[in-house]
Amino acid sequence: MKRIGMLVLALTALFMFAAANSRAEGPRVVIATGGIGGVYYYYGTQVSEILNKSGVASATAMQTAASVDNMLLIRDKTDPAKNIYFFATVLPDTAYYTVTGKHEKFKEKPVKASILWMMYPNYLHIVTTDQSGIMKLADLQGKRVSTGAPGSGTEFTALNLLEAANVDPEKFRKWEKLGASESGEALANGTIDAYFWSGGLPTGSIVELVSTLNRKGMKLFIVPLPETDPGVAKFEKEFSGLTDSLVIRKNVYQTASDTPTLAFWNMFVCPTSTPEELAYKTTKAVFENLETLRAAVKPAKDTTLESTAKFIGKAAIPFHPGAVKFFKEKGLVK
């Protein structure tokens, strides 16, 4: 009996060793997301859990400054020889500029990335209070403003929009570069007058900010960005095909009225070097577990087969063949 017991233990150990080696030899996916408090972080974390539970890959999510840094990670940290692939959540304008080399950090070496699917529309928020006196884009001149975390897609969009509106951030009374949560805290504490944030609806940190401001006798105000605003019109012309004009409904953050703003469809991207099978299985696993994703991340309600399929073959950045294969199987792409 003792000999049999030892044999069982030996076989069990051998099986566990083989399983560990098998998993170690499989692909490792690192999902670059965004700052805590933003939707990117929670979305990417949930996708990593889906990939792990589905056995697609050994996946982890990491906090980053978001879009620009995420594209740098794809370019510089992906290592096919070691079976390590960096996937990422990213804004479309940032993705376009980094893939084409138009972004200053990518002029010498553009990133080679492909789209797996479209996540949800990102709404540009210029967040302030009803007591700031900031009613339109041009009113930001001379104020204390945060333009987003350094290297983030929010910062990239903010600086381009400010340039289009002829608002010089160097002439801000105070120029901060904070993430979503930190910006909200600074606004609530009165150390800044407004901040930029590009995210899904609702963004958790802004929902929390609404409650904080209410306790202090203030109301949240989101600066409207109508197409009639000269700065907005110039920005939309420069980024033609990458922006959309949508509305943040007043019930989202309990604002006094609906707010017109700019929107961008977020992309979930991977290196072009990603094996077709990995890209296919990743896409398949996520779309077969949409209810799990949506239960954890409210903006994921817009992650649908149809919202991605309509962009395949039309986007400025190509879709990965593995993802296209999945959508063809669903009969949504010819």
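Every number here is computed from the coordinates shown, using simple stated rules; none is lab data. Predicted, not measured: the structure shown is a model, and the values here were computed from it. Note: ideal-geometry Cβ built from the backbone for every residue, glycine included; neighbour counts use all protein chains shown.
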Considering all projection directions equally, how large on average is the shadow of the alpha-carbon convex hull of segment 69-179, in square nanometres?
8.4 nm²
In whole Å and largest first, what semi-axes does the C-alpha gyration tensor of segment 193-334 yield when each eigenvalue is scaled by 5 and square-rooted?
34, 20, 12
Just tell me which lysines come within less than 18 Å, Cα to Cα, of K334; anything on the same chain fewer than 8 places away is out.
K284, K310, K314, K325
So if I take the centroid of the Cα atoms in segment 271-326 and the same for segment 112-186, what is the distance between those two points in Å?
28 Å
How large is the helix-only mean residue ellipticity at 222 nm for the chain, computed as the sum of -39500 (n - 2.57) over DSSP H runs with n ≥ 4, divided by its residue count, in deg cm²/dmol to the nearest 500?
-12500 deg cm²/dmol
Links that overshoot a 24 Å alpha carbon limit, given the list K281/K328; K136/K250; K136/K301:
K136/K301
So, with points 7 Å from each Cα along the Cβ direction, the N83-K109 label distance in nm works out to 2.5 nm
3J(HN,Hα) from dihedral phi, segment 132-142, Karplus parametrisation 6.51/-1.76/1.60, rounded to Hz, x for glycine, proline:
7, x, 8, 10, 9, 3, 5, 5, 6, 4, x
Kirkwood Rh, Cα Rg: Rg to Rh for segment 20-89?
0.99
With the alpha-carbon atoms as the only input, what is the per residue convex hull volume for segment 64-121 in Å³?
86 Å³
Is segment 163-213 rounded, prolate or oblate when judged by the Cα gyration tensor, a ≥ b ≥ c being the square roots of its eigenvalues, rounded requiring a/c under 1.5 and prolate requiring a/b larger than b/c?
oblate
Rounded if a/c is under 1.5, else prolate if a/b beats b/c, else oblate: with a ≥ b ≥ c from the C-alpha gyration tensor eigenvalues square-rooted, which is segment 94-135?
oblate
The chain: radius of gyration over Cα atoms, expressed as a fraction of 2.2 N^0.38 Å
1.10
Contour minus Cα-Cα span, K219 to D168, at 0.36 nm per residue, comes to 15.7 nm
Cα-based reach from K105 at 13 Å (exclusive), listing aspartates and glutamates while leaving out same-chain residues under 8 positions away:
D69, D76
Inter-part distance where segment 85-101 and segment 204-236 are each reduced to a Cα centre, Å
26 Å
Determine the shape class of segment 231-288: with a ≥ b ≥ c the square roots of the Cα gyration tensor eigenvalues, call it rounded for a/c under 1.5, and otherwise prolate if a/b is greater than b/c, oblate otherwise.
oblate
The chain: relative contact order as a whole-number percent, Cα under 8 Å and 6+ apart:
22 percent
Relative contact order [Cα under 8 Å, 6+ residues apart], segment 122-264, whole percent
33 percent
Which percent of Cα pairs goes in each bin when the distances of segment 122-264 are cut into 10 angstrom slices starting at zero?
13, 48, 35, 4, 0
